Amino acid sequence: MKALLLLLLAQLCSASLVPEREKDPEYWRGQAQETLRGALRLQRLNQNVAKNLILFLGDGWGSSVAKQHGKESSRVGRMRMMKLQVVYLSPPPQTYNTNAQVPDSAGTATAYLCGVKANEGTVGVSAGVTRDRCNTTKGQEVTSILRWAKDGGKAVGIVTTTRVTHATPSAAYAHSANRDWYSDGEMPPDALEGGCKDIARQLVENIPDIEVILGGGRKYMFPKNASDVEYPHEEKHRGTRLDRRDLVQAWHDAKPPGKVAKYVWHRRDLLALNLSRVDFLLGESRHPRVPRHQLGALGEPLAILGCWGSWSGQLPPGDAGTLKGCSYPKSGRIDHGHHEGKAKQALHEAVELDRAIGAATRLTSARDTLSVVTADHSHVFTFGGYTPRGNPIFGLAPMQSDVDRKPFTSILYGNGPGYKIVAGERENVSAVDFAHADYQAQSAVPLRQETHGGEDVAVFARGPMAHLLHGVHEQNYIPHAMAYAACIGSNRAHCNAAGRPAASSSVLLPFLALLFLLC
């Protein structure tokens with residue numbers, strides 16, 4: 001009865017949900033003409049050198065997430081990322097790994113960070129490396145755009161809502177035959193005997209002068225069974241390193257004399273720092289989560305990278321081109337929400353990613369900052385049921401199944417943990433709290449964890465050379481286009497061409513993710 005009443009109410013209200021202005025054909029004509037004027041403005045290409053590069057990576061943020069978040073936020077306007085000036089879609093199979101139609105986060109990270117396609121499960125190496133086989137790694141290492149930027153004299157940063165050693169950020173600095181070799185405690189004996197290094201060790205040793213590193217997974221930095229600073233009595237949070245090394249201390253010891261390096265593990269420690277006096281920052285939580293009301297602290301690491309010391313939502317005095325660098329969002333929790341079948345959590349993470357994009361847009365200038373927003377892959381996540389305008393995204397479709405005569409939510413999954421059979425039939429969702437944040441949307445196939453999808457991922461770009469990101473491209477094209485715009489990497493012959501100024505030495509690669517140290 002409850003479901004029937006909800007369906008009737010949706011049908012009765014659907015006609016009144018159309019805004020009055022949208023009933024007037026002139027509204028749509030005017031909107032189209034404004035869009036046309038914006039498209040015509042894009043013909044004046046921005047061919048400046050990018051002094052700042054910003055790569056936002058929404059892990060698992062497929063086109064379906066973008067569209068549904070866009071619908072949810074239609075009352076207040078489009079998503080901020082959709083207002084960036086150039087958009088291209090990279091449709092299937094452009095996100096594929098060299099050995100997989102539907103990719104994982106390791107192979108895709110190697111593509112969009114290192115510019116080379118790779119096998120699933122491997123990071124920072126070519127497709128000549130076989131997963132789990134340490135002896136195939138030597139000579140197959142590939143470098144990332146973070147390394148290219150650092151070699152070009154830039155300040156660089158890695159910020160992520162996942163562990164820092166997770167597949168997505170680790171491709172920026174590590175070379176590993178297995179994405180799960182977080183510490184030597186997770187590596188098999190043959191890999192250790194073969195001389196392969198764990199990912200946490202590579203974080204400290206491969207590029208020791210990364211200015212900002214913020215994320216989770218600190219247990220991989222400490223000796224096995226060492227008590228955690230925040231959860232000293234919980235065994236699962238104890239250190240995992242078999243070599244008994246303290247990598248935080250090793251990170252600190254590797255810094256040049258006279259430079260100030262700070263390690264923090266809680267938001268209060270970060271906020272207590274005098275960031276104008278910090279040259280290097282390492283922050284690791286147990287596993288980062290970002291409360292939405294605390295996103296305002298996103299600007300805190302900017303001072304270390306030479307921007308300014310506080311988050312005000314306003315540009316600092318002077319030309320934005322004087323910025324030395326900034327660090328902005330990978331949102332890894334979109335992916336985690338989908339794997340658990342919790343659509344509400346995944347979409348809320350997408351909202352936070354979008355807020356960070358809006359902040360970066362306000363704080364930078366399109367004249368000298370190339371911002372790129374993309375995803376590594378999608379999920380088997382869909383939205384349907386002929387829902388009327390204004391229908392809650394997490395609500396019921398305005399119809400029942402014509403097979404089992406039961407209601408269904410507008411958000412569903414192709415597979416995952418939401419598969420429920422009650423008394424031999426599909427669960428009646430009107431009997432559960434489908435609007436709860438932990439609700440697992442129904443799926444067609446039962447799996448403990450939902451899988452990635454092989455559908456399109458979107459790429460949005462704004463700033464110098466954004467027009468290079470157009471049409472259909474392989475995913476590994478992205479870092480090459482960004483490097484060309486910033487005059488870093490191997491393709492720099494154009495940088496001193498007539499009419500195009502050479503790149504400044506005070507450029508940064510801002511990097512991945514919603515700032516973690518807010519938990």
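Of note:
- Estimated from the Cβ-Cβ distance and a Förster radius of 35 angstrom, the FRET efficiency linking ASP151 and VAL472 is about 0.70.
- Dipole magnitude for the range 396-446: computed about the Cα centre from +1 point charges on Lys and Arg Cβ and -1 point charges on Asp and Glu Cβ, it is near 80 debye.
- Protein heavy-atom accessible surface, 1.4 Å probe, per residue over the range 396-446: 50 Å².
- Scalar couplings 3J(HN,Hα) for the range 412-423, obtained by applying the Karplus form with A = 6.51, B = -1.76, C = 1.60 to θ = phi - 60°, are 9, 10, x, 8, x, x, x, 5, 9, 10, 10, 6 Hz; x denotes Gly and Pro.
- Nearest-0.05 FRET efficiency for GLN47 and ARG492, computed from C-beta distance (R0 22 Å): 0.90
- Counting 0.36 nm for each residue step from ALA423 to ALA32 and taking away their Cα separation leaves a gain of 135.6 nm.
- Peptides 180-192, 37-49, 398-410 ordered by average Cβ neighbours within 10 Å, highest first: 180-192, 398-410, 37-49
- For peptides 198-209, 99-110, sequence by mean Cβ density within 10 Å, most packed first: 99-110, 198-209
- Set of aspartates and glutamates near LYS344 by C-alpha distance (under 15 Å), chain-local residues within fewer than 8 positions excluded: GLU72, ASP335, GLU352, ASP433, ASP438, GLU450
- You can think of it this way: the chain between SER401 and GLU141 has 88.4 nm of extra reach, that is 0.36 nm per residue less the Cα-Cα gap.
- Of LYS197/LYS262; LYS51/LYS154; LYS219/LYS262; LYS154/LYS259; LYS138/LYS197; LYS117/LYS138, pairs whose Cα-Cα distance is over 20 Å: LYS197/LYS262
- Portion, in percent, of the accessible area of the range 396-446 that falls on carbon or sulfur, probe 1.4 Å: 57
- Residue by residue, the range 485-494 carries 3J(HN,Hα) couplings of 5, 9, 6, 10, x, 8, 9, 10, 4, 7 Hz when phi is fed to the Karplus relation 6.51 cos²θ - 1.76 cosθ + 1.60 (θ = phi - 60°); x denotes Gly or Pro.
- For the range 176-182, 3J(HN,Hα) per residue [Karplus equation, 6.51 cos²θ - 1.76 cosθ + 1.60, θ = phi - 60°, Hz, x = Gly/Pro]: 8, 7, 8, 5, 8, 7, 4
- Where labels lie 7 Å past Cα in the beta-carbon direction, separation of ASP253 and ASN225 in nm: 2.3
The values are calculated or read from the model by the stated rules, or taken from the named source; none is laboratory data. Source: prediction; values computed, not measured. Note: ideal-geometry Cβ built from the backbone for every residue, glycine included; neighbour counts use all protein chains shown. Please note that ligands, DNA and RNA were not included when accessible areas were found on the heavy atoms of the full protein model with its side chains. Shrake-Rupley method; radii C 1.70, N 1.55, O 1.52, S 1.80 Å.
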